[in-house]
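For reference, the structure is listed below as structure tokens.
The values are calculated or read from the model by the stated rules, or taken from the named source; none is laboratory data. The shown structure was predicted, so the numbers you read here are calculated from the model rather than taken from an experiment. In this analysis, Cβ positions are derived from the backbone assuming ideal geometry, glycine residues included, and neighbour counts consider all displayed protein chains.
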Amino acid sequence: MPEPLLRVHDLRTYFYTESGVARSVDGVSFEIAPGETVGLVGESGCGKSVTALSLLRLIRPPGRIESGSEITFDGKNLVTIDEKSMRAVRGARISMVFQEPMTALNPVFTVGDQIAEVVRIHGAGSKREAWDRAVKMLETVGIPAPAQRANEYPHQLSGGMRQRVVIAMALVMNPALVIADEPTTALDVTIQAQILELLADLQKQFGTSILLITHDLGVVAESVSRVIVMYGGEVVEEAAVRELFAAAHHPYTEGLLGAMPQVGQERERLATIPGTVPPPTAWPAGCRFHDRCPYAWDRCATEHPPLYQIGSGHVSRCHLADEPQRRAEKHEPLVVAATGEGNPGRGTRAS
Amino acid sequence: MSAAMTIPHASTSPLLSVHGLVKHFPIKKGLFGKPAGAVRAVDGVSFDVMPGETLGLVGESGCGKSTTGRMILRLIEPTAGSIEFDGIDLVKLDNKQMRRLRRKIQVIFQDPFSSLNPRMTVGSIIREGLTIHHIAEGSAADSRVRQLLDEVGLRAEYMSRYPHEFSGGQRQRIGIARALAVEPTFIVCDEPVSALDVSVQAQVINLMQDLQRDRGLAYLFIAHDLSVVEHIADRVAVMYLGKIVELASSDDLYREPLMPYTQALLSAVPIADPAVKKNRVMLRGDVPSPANPPSGCVFHPRCQHPAKDAACAVLVPPLEEKAPGHWVACIKQPPTGVDWSIQKAAGGTNPPARYLPVITPNGTPNGV
């Protein structure tokens, strides 16, 4: 494996709220190689978006990246460098594509101005050069008549076009890493297919690494080479994409795959994961998934599982790795036995 | 599964029968709001829903699927067309008569955060319908609410809590309990699971299927997620720019889509199996504006049917039955009642020819 482009080690991002300390990201470690596309998946509240924002140090109080966290990039720890050096990284070396292109773009500036501004901020050219670069970038992302489109405002463009503009903005400085946070979630499926194709093409062309954050396992299957699954602020499984879909180890990953209806699949009853994601202010003791897990036994309620090595490049945070014979003993999770599926384990407060 | 099984009660009369439904939203210009055209949100839509059946209504943003659902609920007044429910034309009813009929026609909305009144307890939200329709009062209403909460998998003691205390999936269950309270026979479900996480979405889909089985409910299931619709619907109607372009049993539609738009739409759905290599029919460009839809077949500017020709830009394709129960609006997919002589007269150069791009993956998608 080549020297990683990005190395995240024991990242912890906590929010000090009135209802307690929310440990949204709690000891996350992973690496991204140059030119690699990595998927970060999980449901609402698992910490995937906070992880992304932490990489760019966009966490505002009451949130804070805890000391001891390391984000090594270009030989520097992004957690500890000063704000001025961080600004040189943001948008130039690491950039971000957000979910909602309408809110990511400023409605009162033309799209050309907004892309050119990125170039100007990083002092990479005169006004004229920045504008030319913006137009060229619009062409690269497949916007027809880019010279005219550059003079238009975001509201004049369709949703798919806007997302292309956001991608142009993210790529104009030719960054080494693009973090794409649910880049196609707000788009229709035919437009999603266009945008995913565009991202794949651009990656080939520029050799950019991509961290693709999504809840959609279909998108992951088609777009990435390696997958990191998060639950409860932690990485619970990591594997090459084929390995993950063919031989998921963690019961949460297994549950996610089973819960997803798929085109072409027999119409059986969908598998469900009972209960809901616990609030980050009160992760359960032991394994954070144990009260929703069909395999859990007493050990799971008390002993926090480490990331066990399952195979080459495949890790899973589940004691089943230690006691594989337990996989045969599937049962109803204790907490929901009394009230039926879908009832919350503990508090009912939506976080 | 045979076609006869997927269209239950095909011999009985439909519960809901929509004919030539149209909604044009006027575009106003200038100080005095002079009409300057219209957005043809829904442009002549017809379909039936049988008792106990789930009809899926799919399409991309702006295709008119939600407007169709809202017209059936009379939340939007149709410009033209009829909506017959149990033999009664809803369009002709006054507000008072319509209110009485709302007991039979209920709705589940997409956003579980804005569709529940934040100032009302869960109990009073569910009880409201019981009171309005004089179904139950006092302690009888209370025990009915308890029973409903139990049916949707929530604890009875939740009735004194407020919506903000619940997660998205739980709120959607509350919305379902509210719809069920008045014992409807038909529910319009407008993107009921789109806002939910995958695992919670599966819980709600299973619940909706259980309730349908137990109560014989009919659903109009409006959604943009094609895999969810395939899972829940008996028949599926595909909309594009205000028109139904294909309507078939779920099995037929997903196995052999005939309308080139449906083919492209299905092939765009990502498959959660990295081992499958897909042959994708990639659509270029965006959906045209419904204020100025293309002439002839509304899909013709983006269509990839090899026989596409000038006739497609002239002739409006009728929704025709190309195979038993399989309705398609395309003059280039044989058989068609739009004769070759008519097509030639309209500038046609390519006779109709079967086009079936391979879009379904080989091998079974990975399901655990």
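For region B:161-185, the candidate set comprises residues that are away from every other protein chain (no Cβ under 12 Å) and out of contact with any Asp or Glu (no Cβ under 9 Å at 6 or more places or on another chain); within that set, the residue that is surrounded by the fewest Cβ atoms within 10 Å (Cβ to Cβ) is B:Glu183. The one condition from (1) charged (D, E, K, R); (2) more than 28 Å from B:Val316 (Cα to Cα); (3) part of a loop (DSSP other than H, G, I, E, B) that B:Arg99 does not meet is (3).
Applying the condition of being surrounded by fewer than 23 Cβ atoms within 10 Å (Cβ to Cβ) and within 11 Å of chain A (Cβ to nearest Cβ) to region B:186-195 and asking which residue is modelled with the highest pLDDT yields B:Ser194. Among what's in region A:159-201 and is within 12 Å of chain B (Cβ to nearest Cβ) and of a type in the set (S, T, N, Q), pick the residue that is surrounded by the most Cβ atoms within 10 Å (Cβ to Cβ). That would be A:Gln163.
The listed residues are B:Leu211, B:Leu247, and the only one of them that is surrounded by 24 or more Cβ atoms within 10 Å (Cβ to Cβ) and in contact (Cβ under 8 Å) with a residue 40 or more places away in the chain turns out to be B:Leu247. I'm checking my understanding of the structure. Among residues of region B:196-210 that are under 19 Å from the mean Cα position of the chain (by Cα) and within 20 Å of B:Met50 (Cβ to Cβ), which one is farthest from the other protein chains (Cβ to nearest Cβ)? If we take residues in region B:196-210 being under 19 Å from the mean Cα position of the chain (by Cα) and within 20 Å of B:Met50 (Cβ to Cβ), then B:Met208 is farthest from the other protein chains (Cβ to nearest Cβ). A:Thr103 passes every criterion in (1) modelled with pLDDT under 90; (2) within 23 Å of A:Ser209 (Cα to Cα); (3) out of contact with any Lys or Arg (no Cβ under 9 Å at 6 or more places or on another chain) apart from (2). Based on what the data block shows, is A:Pro261 over 24 Å from A:Thr17 (Cβ atoms) and surrounded by fewer than 24 Cβ atoms within 10 Å (Cβ to Cβ)? Yes.
Being away from chain A (no Cβ under 14 Å) and surrounded by fewer than 17 Cβ atoms within 10 Å (Cβ to Cβ) is a condition met by no residue of region B:50-67.
For region A:287-298, the tally of residues that are touching a His at 6+ places or on another chain (Cβ under 7 Å) and at pLDDT below 95 stands at 2. In region B:344-362, the count of residues that are free of Cβ contacts under 8 Å to residues at least 12 places away in the same chain and more than 22 Å from the chain's Cα centre (by Cα) is one or more. Does B:Val228 satisfy being free of Cβ contacts under 8 Å to residues at least 60 places away in the same chain, closer than 25 Å to B:Asp48 by Cβ and more than 8 Å from chain A (Cβ to nearest Cβ)? Judged against the criteria, B:Val228 is not a match.
Here B:Ser295 fits the description: farther than 29 Å from A:Leu198 by Cβ and either in a loop (DSSP other than H, G, I, E, B) or at the interface with chain A (Cβ under 10 Å from one of its Cβ atoms) (or both). For region B:136-160, a tally of residues being touching a Lys or Arg at 6+ places or on another chain (Cβ under 7 Å), of a type outside the set (Gly, Ala, Ser) and more than 13 Å from chain A (Cβ to nearest Cβ) returns 1. The set of residues in region B:251-278 being facing chain A (nearest Cβ under 7 Å) and either out of contact with any helix residue (DSSP H, G or I) (no Cβ under 9 Å at 6 or more places or on another chain) or over 21 Å from A:Leu196 (Cβ atoms) (or both) consists of B:Tyr254 alone. State yes or no: is A:Glu238 buried (at least 22 other Cβ atoms within 10 Å of the Cβ) and in contact (Cβ under 8 Å) with a residue 24 or more places away in the chain? Answer is yes for this residue. Candidates B:Gln263, B:Gln212: the one that is of a type in the set (S, T, N, Q), at pLDDT 90 or above and closer than 26 Å to A:Ala221 by Cβ is B:Gln263.
For region A:213-242, residues that are facing another protein chain (nearest Cβ under 9 Å) and either charged (D, E, K, R) or within 25 Å of A:Gln325 (Cβ to Cβ) (or both) total 3. For A:Thr103, the stated conditions hold: it is without any contact (Cβ under 8 Å) to a residue 24 or more places away in the chain, among the β-branched types (Val, Ile, Thr), out of contact with any Gly (no Cβ under 9 Å at 6 or more places or on another chain) and not in a loop (DSSP other than H, G, I, E, B). Might you let me know whether region A:67-84 holds any residue that is without any contact (Cβ under 8 Å) to a residue 24 or more places away in the chain, charged (D, E, K, R) and assigned to a strand (DSSP E or B)? Yes, region A:67-84 contains at least one residue that is without any contact (Cβ under 8 Å) to a residue 24 or more places away in the chain, charged (D, E, K, R) and assigned to a strand (DSSP E or B). For region B:38-89, filtering for residues that are among the β-branched types (Val, Ile, Thr) and under 23 Å from B:Pro294 (Cβ atoms) leaves 7. Residues of region A:177-220 that are in a helix (DSSP H, G or I), in contact with a strand residue (DSSP E or B) (Cβ under 7 Å, 6 or more places away or on another chain) and not β-branched (Val, Ile, Thr): A:Leu199, A:Gln203, A:Leu217. At pLDDT 90 or above, farther than 16 Å from B:Glu246 by Cα and more than 13 Å from the chain's Cα centre (by Cα), is that true of B:Ala36? Considered against the rule, which asks whether it is at pLDDT 90 or above, farther than 16 Å from B:Glu246 by Cα and more than 13 Å from the chain's Cα centre (by Cα), B:Ala36 comes out as no. Of the residues making up region B:73-97, those that are surrounded by fewer than 16 Cβ atoms within 10 Å (Cβ to Cβ) and among the charged types (D, E, K, R) number 5.
Determine, yes or no, whether B:Val328 is in contact with a Lys or Arg (Cβ under 6 Å, 6 or more places away or on another chain), more than 30 Å from A:Phe245 (Cα to Cα) and at pLDDT 95 or above. The answer is yes for B:Val328. All of A:Met169, A:Met161 fail the test of being within 23 Å of A:Val119 (Cα to Cα) and at pLDDT below 90, apart from A:Met161.
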